[in-house]
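Below is one structure; the comments refer to it alone.
What follows draws every value from the coordinates through simple rules; no lab data is involved. Nothing here was measured: the structure is a model prediction, and the numbers come from that model. Cβ placement follows ideal geometry from the backbone for every residue including glycine, while neighbour counts extend to all protein chains displayed.
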Amino acid sequence: MATQIETFPNPKPGRRYVITHINPEFTSVCPRTGLPDFGTVTVRYIPDQLCLELKSLKYYFLQYRNQGIFYEDVTNRILDDLVAACNPLEMEIITEWNTRGGMHSIIQARYERPKAKEQQ
């Protein structure tokens with residue numbers, strides 16, 4: 001995506017704590033029908049050295065507004081992009097989509113940083 005996701009130094013890098021950001025106004029486009037999809041994106045992560053900056057995150061989400069993309073793809077793409085931006089210890093993206101055609105969908109994608117192998 002074109003918008004750079006900005007970060008800032010974690011003020012407590014030695015402490016495990018959870019940050020949750022919720023965007024209740026996420027919009028993308030159904031690639032089959034061309035109709036808008038509306039949903040809520042929840043970003044939950046345990047930072048390491050960097051935290052996500054909210055203004056840039058907001059503009060990152062806005063880039064999906066006119067993009068034709070399936071729920072599953074957008075959820076996993078957001079996870080990949082945010083992990084690449086801040087290299088967290090753990091991250092989960094949950095997208096909850098408004099009901100359309102009688103169906104309500106929730107997609108969850110999770111990342112856990114691989115544990116370092118023990119030195120031999």
Straight-line reach from Lys58: which aspartates and glutamates have Cα under 14 Å away, leaving out those fewer than 8 places along the same chain? Glu6, Glu25, Asp81
Helical mean residue ellipticity (222 nm; -39500 (n - 2.57) per DSSP H run of 4+; nearest 500) of the chain: -6500 deg cm²/dmol
So what's the angle, to the nearest 10 degrees on a 0 to 90 scale, between helix 71-86 and the longest Cα principal axis of the chain? 30 degrees
Length gain on complete extension for the stretch Asp73 to Arg100, per 0.36 nm per residue less the alpha carbon to alpha carbon distance? 7.9 nm
Counting only backbone N atoms under 14 Å from a point 7 Å out along Cα-to-Cβ of Leu62, the residues of the range 26-42 in range are 26-27
Given chymotrypsin sites (Phe, Trp or Tyr not before Pro), DSSP loops and at most 15 other Cβ atoms within 10 Å, the longest exposed-site-free stretch of the chain is 18-69
Just Gly34, Gly102, Gly14 to compare: in a GNM of the chain, with alpha carbon springs under 10 Å, which one fluctuates most? Gly102
If I stretch the segment between Arg16 and Ala84 completely, what's the gain in nm (0.36 nm per residue apart, minus their alpha carbon distance), one decimal? 22.6 nm
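Quick one: Cα convex hull volume of the range 7-104, Å³ per residue? Spell out each step's value before the answer.
Values: hull volume 8.4 nm³, N = 98.
Taking the convex hull of the Cα positions in the range 7-104, it is 86 Å³ per residue.
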From the phi of every residue in the range 12-22, what ³J(HN,Hα) in whole Hz does the Karplus formula 6.51 cos²θ - 1.76 cosθ + 1.60 yield, where θ is phi - 60° and glycine or proline is x? 9, x, x, 10, 7, 9, 9, 10, 10, 10, 10
